[in-house]
Amino acid sequence: MKPTHSKTPTFRYFLISFFLSLPFLFLLFSLQPHFHLDPSTAVHPPPEYALNGTEDLKIRPGYSSYASYVQRQLNKTLNPRLRQIWTTRDWNRKIQVFVKFFDELKEKGLLSNESKALCIGARVGQEVEALKRVGVSDSVGIDLVPRPPLVIKGDFHQQPFADEAFDFEFSNVFDHALYPDKFVGEIERTLKPGGVCVLHVTLSKRADKYSANDLYSVKPLITLFKRSEMVHVRKVDGFGLDTEVVFRKKKDANEIQGS
Ligand SMILES: C[S@@+](CC[C@H](N)C(=O)[O-])C[C@H]1O[C@@H](n2cnc3c(N)ncnc32)[C@H](O)[C@@H]1O
């Protein structure tokens, strides 16, 4: 005998309303924002965003040559009016924010006064000055444009340092990398085993017109850092960058992810 409720008008109306609402429910769930700290739950951008198997990372088109990429970076970094502002009005304000970040990393045991530290894409050197102010005296920065003594000339796609030179590397310019695999490969080459890399990146919005890539989750970073383990991810408020991702290079150099 069939259940009697299957024949009632109420149950029929329920079934009809349920099926009619399915498209709306689907739309609701597909409109989630791109910001996810948990790499396993990242919303995936369309297939054209894939890069060599790493998802959620898109290299911006429009650089006809490496020279045109470098020139674009230099257009801003060499701007005399901006350099004047960065080294006067903005100098201390930005250093104070970096000091807070580095103090927190020291509290977590990820940085110490004995660390030999590198800041990648350090422009006029505020993050290097901040490291020195928190007691990490052996600190230097690299940038396409040098500003000695804090920042020396160097391309982060090919760092001018020997293997295993640093205990700590910091960068808030991952979005400027035209070749993210080289950017990360160079960090892993120049970090000592057990060394720490701290990246500040933006996941929730697109960076400025000088950026060379767009990152949509931390998942591509985990893929790119082949010789390291992710030790923490947290939300930060760092000059338009919203996420701090920390990696530690594995002690056993042969311990490569996926091998
Ligand atoms: C957004 S600025 C960041 C400046 C600095 N980290 C700060 O927070 O004040 C990006 C910097 O990355 C540098 N840069 C871009 N491409 C680079 C490359 N291939 N190698 C080294 N530095 C690069 C630029 O010259 C610029 O100074």
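The values are calculated or read from the model by the stated rules, or taken from the named source; none is laboratory data. What you see is a predicted model, and the numbers here were worked out from it, not measured in a lab. Positions of Cβ are backbone-derived with ideal geometry, glycine not excepted, and every protein chain shown enters the neighbour counts.
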**Prompt:** Within region 176-193, can one find any residue that is among the aromatic types (Phe, Trp, Tyr) and in contact with a Cys (Cβ under 8 Å, 6 or more places away or on another chain)?
**Reply:** no
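Across region 198-237, what is the total count of residues that are small (Gly, Ala, Ser) and under 19 Å from LEU118 (Cα atoms)?
Here the count works out to 1.
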**Asked** Is there a residue being surrounded by 24 or more Cβ atoms within 10 Å (Cβ to Cβ) and more than 16 Å from the ligand (Cβ to nearest atom) anywhere in region 103-112?
**Response** yes
**Prompt:** Hey, among PHE183, PHE170, which residue is buried (at least 18 other Cβ atoms within 10 Å of the Cβ), within 14 Å of the ligand (Cβ to nearest atom) and either assigned to a strand (DSSP E or B) or charged (D, E, K, R) (or both)?
**Reply:** PHE170
**Asked** In region 236-259, which residue that is of a type in the set (S, T, N, Q) and surrounded by 12 or more Cβ atoms within 10 Å (Cβ to Cβ) is modelled with the lowest pLDDT?
**Response** GLN257
**Request:** Would you list the strands (runs of 3 or more DSSP E) that sit entirely within region 116-156 and hold 1 or more residues that are touching a Ser or Thr at 6+ places or on another chain (Cβ under 6 Å) and within 11 Å of the ligand (Cβ to nearest atom)?
**Result:** 117-120
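Let's see how each residue does on (1) within 12 Å of the ligand (Cβ to nearest atom); (2) among the acidic types (Asp, Glu); (3) in a helix (DSSP H, G or I); (4) touching a Ser or Thr at 6+ places or on another chain (Cβ under 8 Å):
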site	(1), (2), (3), (4)
ALA162	no, no, no, yes
ASP175	yes, yes, yes, yes
CYS197	no, no, no, yes
HIS200	yes, no, no, yes
LEU203	no, no, no, yes
ARG206	no, no, no, no
PRO220	no, no, yes, yes
LYS226	no, no, no, no
**Request:** Examine region 218-237 for a residue that is small (Gly, Ala, Ser) and closer than 28 Å to GLN96 by Cα, and state whether such a residue exists.
**Result:** no
**Prompt:** Only one of LEU191, LEU199, LEU105 is aliphatic (A, V, I, L, M) and under 27 Å from LYS76 (Cα atoms); which?
**Reply:** LEU199
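From PHE239, PHE168, PHE225, which residue is more than 15 Å from the chain's Cα centre (by Cα) and over 21 Å from VAL70 (Cβ atoms)?
Answer to the selection: PHE168.
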**Request:** Report whether or not LYS76 is under 19 Å from the mean Cα position of the chain (by Cα), surrounded by fewer than 16 Cβ atoms within 10 Å (Cβ to Cβ) and not polar (S, T, N, Q).
**Result:** no
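A quick yes/no check of all residues on (1) under 22 Å from VAL128 (Cα atoms); (2) among the polar types (S, T, N, Q):
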| residue | (1), (2) |
| --- | --- |
| THR202 | yes, yes |
| LYS209 | no, no |
| ASP237 | yes, no |
| LEU241 | yes, no |
**Request:** Test ALA207 against the stated conditions and say whether it is crowded, with 22+ Cβ neighbours inside 10 Å and of a type outside the set (Phe, Trp, Tyr).
**Result:** no
**Request:** Confirm whether LEU110 is touching a residue at least 40 places away in the same chain (Cβ under 8 Å), in contact with a strand residue (DSSP E or B) (Cβ under 7 Å, 6 or more places away or on another chain), over 20 Å from PRO148 (Cα atoms) and not small (Gly, Ala, Ser).
**Result:** yes
**Item:** Checking PHE19 against (1) at pLDDT 60 or above; (2) surrounded by fewer than 10 Cβ atoms within 10 Å (Cβ to Cβ); (3) more than 30 Å from ILE222 (Cβ to Cβ), the condition it does not meet
**Value:** (1)
**Residues of region 55-96 classified as among the hydrophobic types (A, V, I, L, M, F, W, C), within 23 Å of LEU215 (Cβ to Cβ) and more than 9 Å from the ligand (Cβ to nearest atom), total** = 2
